[in-house]
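Data first, discussion second: the structure below is written as structure tokens.
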Amino acid sequence: MADIFSEEKRSYVMSQIKSKDTKPEMMVRKFLHANGFRYGLHNKKLPGKPDLVMRKYASVIFVNGCFWHGHKHCKTGTRSPKTRQEWWKEKISKNRKRDLKKITELLDLGWNIITIWECELKPKKRDKTLSNLIKTLKKNQQ
Ligand SMILES: [Zn+2]
């Protein structure tokens, strides 16, 4: 696939993807809030600063950008940028390792981990993803 971004544009796009309070995360937050769920945000005391922390459900939620976190079997997650390919490959691989480490630490602390991928929040998949999220939370509460 052709790289549609110039290098400057790409680094701008990446900085947006990396930032907190990303659009997919806001979508999940709004949905949960509208359905009466309450949560904490970016808890620095927990490994990996989970995006959402829901003690009542013993659950932490990560809303992951597919490119940044190297989503497997996903078009965006496995895309390789045209420029600085090796650099990106290493960067993403490091991110994946870090994700794995923080997940292991959280599991050791007794948390349930819920990862929601950006591609699962695309209009066609959104409803299913979000209703599954509620099911999982209720299951985790028991
Ligand atoms: Zn994905």
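Bear in mind these aren't lab numbers, they're just calculated from the coordinates by the rules spelled out. These numbers were taken from a predicted model, which means no experiment stands behind them. Here the Cβ is made from the backbone with ideal geometry for all residues, glycine too, and neighbour counts use every protein chain on show.
Odds and ends about this structure:
- Among residues of region 24-36 being more than 11 Å from the chain's Cα centre (by Cα) and free of Cβ contacts under 8 Å to residues at least 60 places away in the same chain, the one that is surrounded by the fewest Cβ atoms within 10 Å (Cβ to Cβ) is Gly36.
- Residue satisfying all of: in region 37-67; free of Cβ contacts under 8 Å to residues at least 60 places away in the same chain and of a type in the set (Gly, Ala, Ser); surrounded by the fewest Cβ atoms within 10 Å (Cβ to Cβ) among these: Gly40
- Restricting attention to region 48-67, the residues being within 16 Å of the ligand (Cβ to nearest atom) and among the small types (Gly, Ala, Ser) number 1.
- Only one of the numbered conditions (1) in contact with an Asp or Glu (Cβ under 8 Å, 6 or more places away or on another chain); (2) under 22 Å from Leu130 (Cβ atoms) is not met by Pro81, and that is (2).
- Taken residue by residue, region 68-86 has at least one member that is more than 16 Å from the ligand (Cβ to nearest atom) and exposed (fewer than 12 other Cβ atoms within 10 Å of the Cβ).
- Qualifying position, being free of Cβ contacts under 8 Å to residues at least 24 places away in the same chain, on the phi < 0 side of the Ramachandran plot and either surrounded by 12 or more Cβ atoms within 10 Å (Cβ to Cβ) or within 16 Å of the ligand (Cβ to nearest atom) (or both), among Glu105, Glu120, Glu90: Glu120
- When residues in region 113-136 are screened for being in contact with a Phe, Trp or Tyr (Cβ under 6 Å, 6 or more places away or on another chain) and either assigned to a helix (DSSP H, G or I) or of a type in the set (Asp, Glu) (or both), 1 of them pass.
- Residue match in region 101-110 (condition: part of a loop (DSSP other than H, G, I, E, B) and among the hydrophobic types (A, V, I, L, M, F, W, C)): yes
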